[in-house]
Each structure stands twice: as structure tokens, then as C-alpha cells.
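Some notes on the structure that comes next.
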Amino acid sequence: MAKLIKGGTIVTASDMYEADVLIEDEKIAAIGTDFDAEEAEIIDATGNYLFPGGIDPHTHLDMPFGGTVTCDDFESGTIAAAYGGTTTIIDFCLTNKGEPLQKAVNTWHEKSQHKAVIDYGFHLMIGEANEAILNELPVIIEEEGITSFKVFMAYKHVFQADDETLFRTLVEAKKLGALVMVHAENGDVIEYLVTKALSEGNTSPIYHALTRPPELEGEATGRAAELTGLAGSQLYVVHVSCAEAVKKITEARSKGYQVWGETCPQYLLLDQTDLEKENFEGAKYVWSPPLREKWNQEVLWNALKSGQLQTFGSDQCSFHFNGQKDLGRDDFSKIPNGGPMIEDRFSLLFSEGVKKGRISLNQFVDLVSTKSAKLFGLFPKKGTIAVGSDADIVIFDPNKKRTISASTHHMNVDYNAFEGMEVTGEPVSVLSRGEFVIKDKAFTGKPGAGKYLKRSRFRSESELKMPVQHR
Ligand code: URP
Ligand code: ZN
Ligand code: ZN
């Protein structure tokens with residue numbers, strides 16, 4: 001049955017206007033006023049914004065890491081995402097050295113296909129770049145629609161790849177039309193600093209930050225950017241946390257290199273002192289890169305406002321405090337890295353960004369949705385409210401206040417890093433391809449209803465100004 005959303009204010013990355021939205025067959029069929037749509041279900045959105053569904057470009061659901069597995073899977077994680085206004089996620093598919101890439105992709109399909117309640121795609125980790133792996137890439141792009149590859153420059157002995165692997169991946173990505181993503185920290189030096197700290201008896205969570213100083217993020221970001229320039233390729237730096245990394249991205253962009261950067265809620269709103277909380281509570285704030293000194297937050301906000309950072313990911317990577325984070329009670333290096341963020345990403349940016357005057361409404365939409373759609377081959381199917389696009393729409397009350405708490409969130413995790421924080425603005429209803437997944441704040445979706453997204457090849461921003469095909 002067709003649906004007609006009436007009375008809302010449509011906000012895209014470029015426009016804001018009052019109009020009604022007609023939805024038919026999963027798509028936006030028309031935008032305008034005075035529709036003759038007697039058959040349609042009428043949805044009253046008076047007083048609310050209509051945003052394109054959020055796109056979270058950075059999640060780790062059901063992922064083995066740090067001797068355990070993230071506690072949100074594709075069901076609980078995507079339900080929480082939907083409550084928060086996100087209708088598409090791109091999750092990181094991990095690979096194992098010595099194994100075909102396709103095997104890892106199959107594993108990720110098994111984890112997700114009967115569970116996801118919203119649409120999803122995969123980025124693929126590249127841990128080695130031998131001939132067999134490089135030969136697989138065209139097939140992975142063509143058959144699986146995976147058009148972004150992730151190289152870890154940190155997590156030595158686990159995920160870390162060497163510079164040759166990064167460079168060869170950049171060269172292949174340029175040839176094939178894919179975007180290379182990096183976790184940019186110098187893993188070799190971190191390994192040395194961690195071993196030294198532990199040998200000196202420094203075991204508490206704050207040493208996680210002290211052994212991963214910002215210089216090592218800046219150095220790796222600059223190295224990756226220079227290799228990108230040399231290869232004439234394209235790079236996306238995930239979870240940028242500090243001024244040193246922003247500087248390297250800004251420098252690279254000013255040289256004309258195709259380099260983009262993402263930051264996450266934790267780096268804008270939390271800081272290094274959180275790692276010093278008593279009773280091992282600091283473990284809840286262990287991310288890599290680590291939380292930084294507070295003054296970095298202003299640098300990150302300014303970079304979002306000025307466009308030097310372009311996207312906003314959750315880096316959703318949840319571990320229970322009891323039973324998972326406490327694996328590192330006697331050794332900070334054993335605390336699983338990451339935190340729950342998929343649900344609150346969207347409203348935290350609205351509340352702290354738009355409501356506090358740090359970014360505009362259009363920038364908000366670009367950051368939480370549109371730019372990721374463009375960079376990751378989903379635009380204009382996703383990431384905007386336009387005729388022909390998927391009807392992924394968030395009906396958002398901009399004035400509703402809510403207090404974040406683990407007792408009310410929908411993530412399958414026993415704490416929330418923003419416990420007790422009041423945010424303004426809340427998704428009321430969320431549609432995924434024209435069906436309600438959240439209706440009047442209640443979940444109405446279905447595990448397995450989310451579709452796997454084969455994504456288009458990478459296109460530069462200038463190419464995207466030209467008309468593109470729906471896949
Ligand atoms: O601490 C983090 N960021 N955990 C998730 C894995 C990663 O490095 O993105
Ligand atoms: Zn990372
Ligand atoms: Zn991550």
C-alpha cells in the first residue's frame with residue numbers, strides 16, 4: 001500500500017522545505033503538495049523533520065576481537081540502529097591471512113542475512129596483498145559489490161598490515177574503482193610502548209591512551225595520505241581522534257589528494273580523563289585510537305564544520321563491562337577495544353551539533369547520511385530524499401528531550417558511555433524502503449528484512465555531480 005507523509009519539513013544535505021512525500025513500491029514516488037492519493041496510508045509528520053535515513057559507515061557487529069566477540073550481532077545491532085534513525089550500515093568483514101577473501105565474505109553473509117532489520121553492506125579487510133588476494137579483488141567488486149577495502153596500520157600481530165600491502169591495495173583500488181580505508185595508528189611503536197608500560201607495572205586503563213599518543217595517529221595518517229598521493233588513489237581515514245590527524249588530512253587535501261576523514265561521537269564528546277574513572281570504569285572508555293585531551297574536541301568540531309572531515313561513523317564495537325571489558329582488569333592491553341554507539345550516533349550529532357549551533361542542519365544530514373552514500377557507492381539510492389531514491393526516511397522530533405541510559409537503550413550491552421546525558425531531538429518513526437521499522441517509537445521491523453547492498457564503484461566527488469545510475 002502506498003504511503004503519504006504529510007506536513008513534515010524535508011531536510012537534505014542541500015535543501016530544507018515543507019512538502020509531502022509519496023511512497024510506492026519501496027521508493028519515493030513523488031514529492032510535492034496537494035496529492036490525490038486517496039488509497040495511500042496517511043502519516044502525519046506535522047512539526048517534524050524528514051531526514052534521509054542515517055547511513056553508518058563504520059560498524060563491527062558479531063565480530064571476533066580481543067579474545068572475545070562483540071556483543072551486538074546483526075539483529076540487536078540493526079534494531080538499535082533503527083531506533084536511532086539509521087537505516088543503512090556498512091560493516092567491516094574481517095579476513096584471515098592465507099584464506100580466500102570470498103570465504104570471509106561468505107562468513108559475513110551468514111552472520112547477517114537472516115538477522116538484519118535494515119539494509120547493509122560490507123567493507124572488506126585486506127591483511128596481505130599477494131597475487132591470489134589481488135586477483136580476487138575484481139571478482140569481489142563485481143560479484144559482491146564490495147567497493148571499499150580496509151587496511152589496519154595498527155593492532156600488530158592481529159590485523160596490522162605492512163606498508164607494501166597498503167600501497168598495493170591503493171594501486172589496485174585506483175585501477176578497479178574502490179576506496180581504501182585505514183585505521184591510522186603506528187602499530188609498531190604502539191607495541192613497543194605497551195610492552196614498556198606493562199614491564200614498568202603500569203596496567204590501568206589510562207595507559208591505553210598514554211601508549212597510543214596522538215603523534216602516532218598523525219604519523220600514520222600522514223604516511224597513508226602520502227602513499228595515496230603517490231598512487232594517485234583514494235583514501236578514507238576512519239575514526240579520526242586528534243588534531244595531529246586532522247592536520248595531515250587537511251594538508252593532503254590542500255595538495256589535491258583524494259583523502260577523506262571520519263570522526264565518531266566518542267572523540268567529539270568524551271576525553272582522556274574518562275579513562276581515569278575509578279573501579280576500573282575507565283575500561284568503558286577504551287577505544288583505539290584512544291580518547292584524547294579535551295582541547296582536541298574543538299579541532300574536530302571545526303573540521304566537521306569546515307569540511308576537512310566529512311563523515312560521522314559510530315565505530316559500533318560493543319563489549320559488556322562485566323565479562324568482556326574486565327578481561328583487562330590486570331592488564332590494560334587486554335581490555336577489548338571499542339564501545340556501543342550505533343543507537344545514539346544520529347541524535348548525539350543533532351543535539352550537540354545542530355542544537356548547539358556547531359553545524360548546520362544540512363551539514364548534519366551530509367555527515368550522518370549523504371556523504372557516506374556518495375563515498376561508498378550508494379548514492380542516490382540511499383542518502384537523500386529524492387524521487388526514485390529508496391524510501392528510507394526518519395521522521396524526527398527536533399524538540400523532544402531524552403536521557404541516554406543503558407536501562408532504556410536497545411543495544412545488547414550492559415552500559416552506555418553517555419549514561420545520564422540529556423539529548424534534544426528523537427526519531428519518532430523510521431521507514432526502511434517504505435516500511436516502518438520504528439513506528440511511534442516502537443520497533444515494527446523484522447529480522448531478515450534488511451537487504452544486502454551491492455555498492456557501485458568509487459566515484460570522485462566531481463564525478464558525482466553528474467547524473468548517476470541507480471544500481
Ligand atoms: O576501538 C575500536 N575502535 N574498536 C573497533 C575496532 C577498530 O579499530 O575500529
Ligand atoms: Zn580501527
Ligand atoms: Zn572500527
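The values are calculated or read from the model by the stated rules, or taken from the named source; none is laboratory data. A quick note: this is a predicted structure, and the numbers were derived from the prediction, not measured. Note that we place each Cβ from the backbone using ideal geometry, even for glycine, and neighbour counts take in every protein chain shown. Ligands, DNA and RNA are stripped out before the accessible areas are found, and what is left, the full protein with its side chains, is counted by its heavy atoms. Shrake-Rupley method; radii C 1.70, N 1.55, O 1.52, S 1.80 Å.
Tabulated data
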read-out: Residue in the range 70-85 that is under 23 Å from Pro265 (Cα atoms) and in a strand (DSSP E or B) present; value: no
read-out: Strands (runs of 3 or more DSSP E) wholly inside the range 1-57 containing at least 2 residues that are surrounded by fewer than 17 Cβ atoms within 10 Å (Cβ to Cβ); value: 16-18, 27-32, 41-44
read-out: Elements of type helices (runs of 4 or more DSSP H) contained in the range 296-413, each with 3 or more residues being touching a Phe, Trp or Tyr at 6+ places or on another chain (Cβ under 8 Å) and more than 30 Å from Ala449 (Cα to Cα); value: 296-306
read-out: Qualifying position, being of a type outside the set (A, V, I, L, M, F, W, C), under 17 Å from the mean Cα position of the chain (by Cα) and away from ligand 2 (no atom under 16 Å from the Cβ), among Gly67, Gly84; value: Gly84
read-out: The listed residue being touching a Pro at 6+ places or on another chain (Cβ under 9 Å), outside the structural domain of Leu22 (by TED's automatic domain parsing) and open to solvent by 10 Å² or more (accessible area, probe 1.4 Å), out of Lys334, Lys355, Lys381; value: Lys355
read-out: Hey, Leu309 in contact with a helix residue (DSSP H, G or I) (Cβ under 8 Å, 6 or more places away or on another chain) and within 15 Å of ligand 1 (Cβ to nearest atom) or not; value: no
read-out: Index of the failed condition, Gly256 passing every other in (1) open to solvent by 10 Å² or more (accessible area, probe 1.4 Å); (2) in a helix (DSSP H, G or I); (3) more than 21 Å from Asp366 (Cα to Cα); value: (2)
read-out: Ser429, sole failed condition from (1) at pLDDT 95 or above; (2) closer than 21 Å to Ala30 by Cα; (3) outside any strand (DSSP E or B); value: (3)
